[in-house]
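To start, the structure under review is shown below, and the notes come after it.
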Amino acid sequence: MDTDKVQGLSNLLNQAVSSLLITDGRSRYMDLQAYRQGLQICWQHYRPDLSRFNIDLYDPVVTNPVLEQKLLNVIRTELEEYIHEERIQTAADELLVWYGGGRPLRDLLKQLLKVSIGRSPQFAAQAFYQGIAGAPALYQVIWLLNGARVEREEIVSPGIRLVPLPNSTGGLPACLPDISYISPIDLTGRTMLVMDGIVSPVFANPGAPAVYGPRTFFQRELVTTEFTDFDVEQFSDALSLASNGSIKYMAQWTHLDADKIFNLEGTYSRNQTYIPFSLHHYGSVLVTEDDIQKATSLYRVRKGMRDGDARRLQLAIDRWIKSKSDQEISDSFIDIGIAFESLYLNDIGGDRGELNFRLRLRAAWHLGRDIHHRESIMSDLGKIYSLRSKAAHGAVVEYGADTRRLKEKAQQICRQSILKVIDDGRFPDWHRLVLGADN
């Protein structure tokens, strides 16, 4: 990187900042210091109110036309190979929102000025030339989890981590998007699953043929080398099993820091995909470092399972997790019953009485350590399956100490069954198992 060029651009930006006009284009103006403070607040904290109704409405305007032309000439000269009809494509278009024809050069100048104001002219100039030199840029794919909390940032794998959100709205980070149906207070105390990614190059010519696909000039790759095809739903399932919780993701988005030179989109994340899921704090479980290690191990094994086994297991996991968040105890027994049937009866048919017996027998041999343990499992599952049948036929299952205990026992046995299948990497041969061959 040419230090003389960096210093030359820094000097021009410094001159421009000293004589800027901050305006919304409709005869309303803002003091430079107030604008700087507003940018820094938006870049550091979750402030959709400030971003949406104040800072985003104002832009820096260079009052000296000669100085403005000098800055545009630097951009044109340094980015000559990337410019097409006074427009340029940036990697932000790949990450946040697509502008197929590129963006005007003045948008890039505006971003240079914003970064100069919020950070410094030297910072902006260095970032500009780093992008030209081909340095890749870091971004994050973020999932907001429901049902999990961590006390501190926990590493899942290099490039993947669990990040706790603070318990007060004032400390929420800027990486959160403006989710219209969730208030800031509902975000507090939750956990984000954050995955780092790299995008390159930073700049591209919008008039040139796409390089990496039908319409993209940019290559995206994850920082993690272990989980390059990371499946957040399967990892959430593994985390639920490891922590004995009910963990799902409820929102997913891509975040790019607003002070990146090529982020021409503004101060908050875009490109969100929202997953409808009931908000609940009462069911959140504390996820420990041991839970994360166990979840990672479960995730690895499950990813390697045969398709048929994986599908059977997925239904059991889904119903087990759902049973933990059901509001009605009858629904919990129905969900647990379906989970048990997916685990132990997927390969056979028969009348209800025979299926009941086979389920209990297979589960007893699958989990039982000795005859006494197997008898206990068969007895418990008999009571559990009786309540499941009662609920399935529309009868009321009264909520009380006994039914609550049986519900917890059912969830415990179901979880043990799922974990054993994953630990073994397959479902057993039931015929051999009940004859004692594989026990």
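The values are calculated or read from the model by the stated rules, or taken from the named source; none is laboratory data. Here the structure is a predicted model, which is why all the values come from computation and not from measurement. So basically every Cβ, Gly included, is an ideal-geometry build from the backbone, and we count neighbours across all protein chains shown. In case anyone asks, the SASA skips ligands and DNA or RNA and just uses the protein heavy atoms, side chains included. Shrake-Rupley method; radii C 1.70, N 1.55, O 1.52, S 1.80 Å.
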task: Determine which single condition Gly368 fails, assuming it passes every other condition in (1) under 16 Å from Leu381 (Cα atoms); (2) open to solvent by 10 Å² or more (accessible area, probe 1.4 Å); (3) not aliphatic (A, V, I, L, M).
output: (2)
query: Within region 1-60, which helices (runs of 4 or more DSSP H) (wholly inside it) include 2 or more residues that are among the polar types (S, T, N, Q)?
result: 3-18, 32-44
message: Anything in region 325-348 that is open to solvent by less than 60 Å² (accessible area, probe 1.4 Å) and of a type outside the set (A, V, I, L, M, F, W, C)? List them, or say none.
response: Ser325, Asp326, Ser330, Ser332, Asp335, Gly337, Glu341, Ser342, Tyr344
query: Quick check, is Leu419 assigned to a helix (DSSP H, G or I), of a type in the set (A, V, I, L, M, F, W, C) and within 36 Å of the chain's Cα centre (by Cα)?
result: yes
task: Just name the residue that is nearest to the chain's Cα centre (by Cα) out of those in region 203-234 that are closer than 30 Å to Lys248 by Cα, of a type in the set (A, V, I, L, M, F, W, C) and in a loop (DSSP other than H, G, I, E, B).
output: Phe230
task: Scan region 371-391 for residues that are open to solvent by less than 40 Å² (accessible area, probe 1.4 Å), free of Cβ contacts under 8 Å to residues at least 60 places away in the same chain and among the small types (Gly, Ala, Ser) and jot them down.
output: Gly382, Ser389
- request: Determine, yes or no, whether Gly400 is open to solvent by less than 30 Å² (accessible area, probe 1.4 Å), farther than 29 Å from Gly308 by Cβ and out of contact with any Ser or Thr (no Cβ under 7 Å at 6 or more places or on another chain).
  value: yes
query: Name the pairs whose Cβ atoms lie under 8 Å apart, with the first residue in region 72-99 and closer than 18 Å to Val199 by Cα and touching a residue at least 24 places away in the same chain (Cβ under 8 Å), the second open to solvent by less than 10 Å² (accessible area, probe 1.4 Å) and among the hydroxyl-bearing types (Ser, Thr, Tyr), and 6 or more positions between them or separate chains?
result: Leu95/Tyr139; Leu95/Thr254; Leu96/Thr254; Leu96/Ser269
- prompt: In this structure, does Ile185 turn out to be in contact with a strand residue (DSSP E or B) (Cβ under 8 Å, 6 or more places away or on another chain) and among the aliphatic types (A, V, I, L, M)?
  reply: no
field: Close pairs from region 186-208: first touching a residue at least 60 places away in the same chain (Cβ under 8 Å), partner of a type in the set (Asp, Glu) and not in a loop (DSSP other than H, G, I, E, B), Cβ under 8 Å, at least 6 apart
entry: Ile198/Glu221; Val199/Glu94; Asn205/Glu81
query: Which of the residues that make up region 391-406 are among the charged types (D, E, K, R) and under 13 Å from Glu328 (Cβ atoms)?
result: Glu398, Arg404
- request: Test Val202 against the stated conditions and say whether it is open to solvent by less than 40 Å² (accessible area, probe 1.4 Å) and under 22 Å from Thr288 (Cα atoms).
  value: no
task: Tally the residues that are over 23 Å from the mean Cα position of the chain (by Cα) and not hydroxyl-bearing (Ser, Thr, Tyr), restricting the search to region 311-333.
output: 10
statement: Flagged pairs (Cβ under 6 angstrom, 6 or more apart or on separate chains; first in region 296-312, over 22 Å from Asp347 (Cα atoms) and aliphatic (A, V, I, L, M); second open to solvent by 20 Å² or more (accessible area, probe 1.4 Å) and modelled with pLDDT under 95) are Val301/Gly425
query: Taking Ile75, is it within 25 Å of Ala133 (Cβ to Cβ), among the aliphatic types (A, V, I, L, M), open to solvent by less than 50 Å² (accessible area, probe 1.4 Å) and within 33 Å of the chain's Cα centre (by Cα)?
result: no
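Listed here are the residues, each with its yes/no results for (1) aliphatic (A, V, I, L, M); (2) within 20 Å of Gln7 (Cα to Cα).
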residue	(1), (2)
Ile55	yes, no
Val62	yes, yes
Lys70	no, yes
Arg76	no, yes
Leu79	yes, yes
Ile88	yes, no
Ala92	yes, no
Gly101	no, no
- request: Report those strands (runs of 3 or more DSSP E) wholly inside region 90-188 carrying at least 3 residues which are open to solvent by 50 Å² or more (accessible area, probe 1.4 Å).
  value: none
task: Take the residues in region 219-246 that are of a type in the set (A, V, I, L, M, F, W, C) and touching an Asp or Glu at 6+ places or on another chain (Cβ under 6 Å), then tell me which one is surrounded by the fewest Cβ atoms within 10 Å (Cβ to Cβ).
output: Val223
field: Residue that is modelled with the lowest pLDDT [pool: residues in region 259-301 that are crowded, with 22+ Cβ neighbours inside 10 Å and among the small types (Gly, Ala, Ser)]
entry: Ser269
